[in-house]
1. Quick check: anything in region 103-125 part of a loop (DSSP other than H, G, I, E, B), modelled with pLDDT of 95 or more, over 18 Å from I160 (Cα atoms) and not aromatic (F, W, Y)?
2. Give the residues of region 70-93 that are among the hydrophobic types (A, V, I, L, M, F, W, C) and out of contact with any Asp or Glu (no Cβ under 7 Å at 6 or more places or on another chain), sorted by residue number.
3. Filtering region 10-56 down to residues that are among the aromatic types (F, W, Y) and surrounded by fewer than 14 Cβ atoms within 10 Å (Cβ to Cβ), which residue is farthest from P110 (Cα to Cα)?
4. Any idea which residue in region 106-130 is surrounded by the fewest Cβ atoms within 10 Å (Cβ to Cβ), counting only those that are among the charged types (D, E, K, R) and either more than 15 Å from the chain's Cα centre (by Cα) or under 12 Å from E33 (Cβ atoms) (or both)?
5. What are the residues in region 57-92 that are in a strand (DSSP E or B) and open to solvent by 30 Å² or more (accessible area, probe 1.4 Å), if any?
6. Please tell me if N75 is polar (S, T, N, Q), closer than 24 Å to L152 by Cβ and in contact with a Lys or Arg (Cβ under 8 Å, 6 or more places away or on another chain).
7. Any idea which residue in region 131-168 is least open to solvent (accessible area, probe 1.4 Å), counting only those that are of a type in the set (S, T, N, Q) and more than 13 Å from the chain's Cα centre (by Cα)?
8. Can you tell me which residues in region 93-105 are open to solvent by 10 Å² or more (accessible area, probe 1.4 Å) and within 18 Å of the chain's Cα centre (by Cα)?
Amino acid sequence: RGTHAYDAYLTRASAGGVNACEIWLSSWNLALEWNGRWHGYPGLEHWNFANAWKIDWLISRAEKLGIRINLVLNNHGQGSEKCDQEWHTNPWNRLNGGPLVHAEELFRDPRVATSQAAQRRYLVASYGDSPAILAWKLWSEIDLTSATPRDLHAWHVQAIAHLTALDPWKHPIATHWCGNFRHVEPRIATLPGLGLICIDAYHTNLPARDGTDLISLFHQGLGASG
């Protein structure tokens, strides 16, 4: 249903008092670039401007409803061969006509860095002045990608620096680890310029809760404050 679905979601959310949400620019939804064999995508380093129109509509609708968006620029499957993997359809994959053999190369190849920088410039220039933008989230669940810890750190250093320089409105820059806070990599989480980190609140990876998942910590906090 495309934007009609988002209209229903956002309208109902706003009526229920929701004032923030997270939206992925994913291959099956709103990404600017993906496999040229997929409907609407022209192929590597050519953008899907139908999706760009949808993003524009979505942000305008969120503005009217007073909802702010944590906009996720990359989702983990795009860079993963191990979890929710989408590498087999990624346009950067050599099997799809791209220049790369493994998903981990997305985090260190200079050609990819240039392409990602161009997309960030477009998004900031097009939507950065909107009050609906809460934050730019670089990746969902980065620990589920195929990147090595060293490459993840270096990638975040350059991406944060680039996005900080681009954005005169100084929106927070975010990234995301799966699971609870134990998954967070301190070297990345403490980088200057990273204003927000995200972790999962909807599950625990442990067979039984040991008191360290967000839901338990929240209730512990309520008990302590009460």
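The values are calculated or read from the model by the stated rules, or taken from the named source; none is laboratory data. Keep in mind it's a predicted model, so treat the numbers as computed, not measured. Note that we place each Cβ from the backbone using ideal geometry, even for glycine, and neighbour counts take in every protein chain shown. We work out accessible area using only protein heavy atoms, side chains counted, and drop any ligands, DNA or RNA first. Shrake-Rupley method; radii C 1.70, N 1.55, O 1.52, S 1.80 Å.
1. Here is the first cut: in region 103-125, the residues part of a loop (DSSP other than H, G, I, E, B) are 108-109.
Filter again for modelled with pLDDT of 95 or more, leaving 108-109.
Among the residues that remain, those that are also over 18 Å from I160 (Cα atoms) are: none.
No, because not a single residue in region 103-125 is part of a loop (DSSP other than H, G, I, E, B), modelled with pLDDT of 95 or more, over 18 Å from I160 (Cα atoms) and not aromatic (F, W, Y).
2. L71, L73, C83, W92
3. Out of the qualifying residues, it is W53.
4. From region 106-130, those among the charged types (D, E, K, R) are 108-109, 111, 120-121, 129; that's our starting set.
Narrowing further to those that are either more than 15 Å from the chain's Cα centre (by Cα) or under 12 Å from E33 (Cβ atoms) (or both): 108-109, 111, 121, 129.
Working: R108: 15, D109: 15, R111: 14, R121: 13, D129: 10.
Restricting to residues being among the charged types (D, E, K, R) and either more than 15 Å from the chain's Cα centre (by Cα) or under 12 Å from E33 (Cβ atoms) (or both), the top hit is D129.
5. R68
6. Considered against the rule, which asks whether it is polar (S, T, N, Q), closer than 24 Å to L152 by Cβ and in contact with a Lys or Arg (Cβ under 8 Å, 6 or more places away or on another chain), N75 comes out as no.
7. Step by step, filter region 131-168, then rank; the result is S146.
8. E104
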